[in-house]
1. With a bin width of 5 angstrom, please list the P(r) values of the range 42-119 as percents of all Cα-Cα pairs, from the 0 bin to the one holding the largest distance.
2. Please compute the modelled spin-label separation between residue 84 and residue 40, points set 7 Å along Cα→Cβ, answer in nm with one decimal.
3. When every alpha-carbon pair in the range 79-119 is counted, what percent end up more than 17 Å apart?
């Protein structure tokens, strides 16, 4: 007699137990990139509204967006240092990029966006 068994009862039980755990892990890992993406989108929006006039063209010596060579020495200082420089002003850039009322969190988002796109 020829018998064919595709899935035994033990394997079927194992699959039923593992499947929900796999789904939970994939949901958890998929949340992290969406948070990062939303932060980058926020940074992009602030950059376009407040920073692109100078950093898009290199006006007054501002490091140009996506200019890896110009940003490399700044990136090595770290985002915290760059945020403090932007808040206090640096070189030709006035405090808060000349945008009074721009909160520290928005400055950080814009700088993080510029740094990530200039590596």
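Read-outs throughout are calculated quantities, based only on the coordinates presented, and are distinct from any laboratory measurement. Keep in mind that what you see is a predicted model, and the values were worked out from it rather than measured. Don't worry about glycine lacking a Cβ; one is built from the backbone with ideal geometry, like all the others, and counts go over all protein chains shown.
1. Once binned at 5 Å, the Cα pair distances of the range 42-119 give 3, 18, 30, 33, 14, 2, 0.
2. 2.8
3. When every Cα pair of the range 79-119 is considered, 23 percent fall beyond 17 Å.
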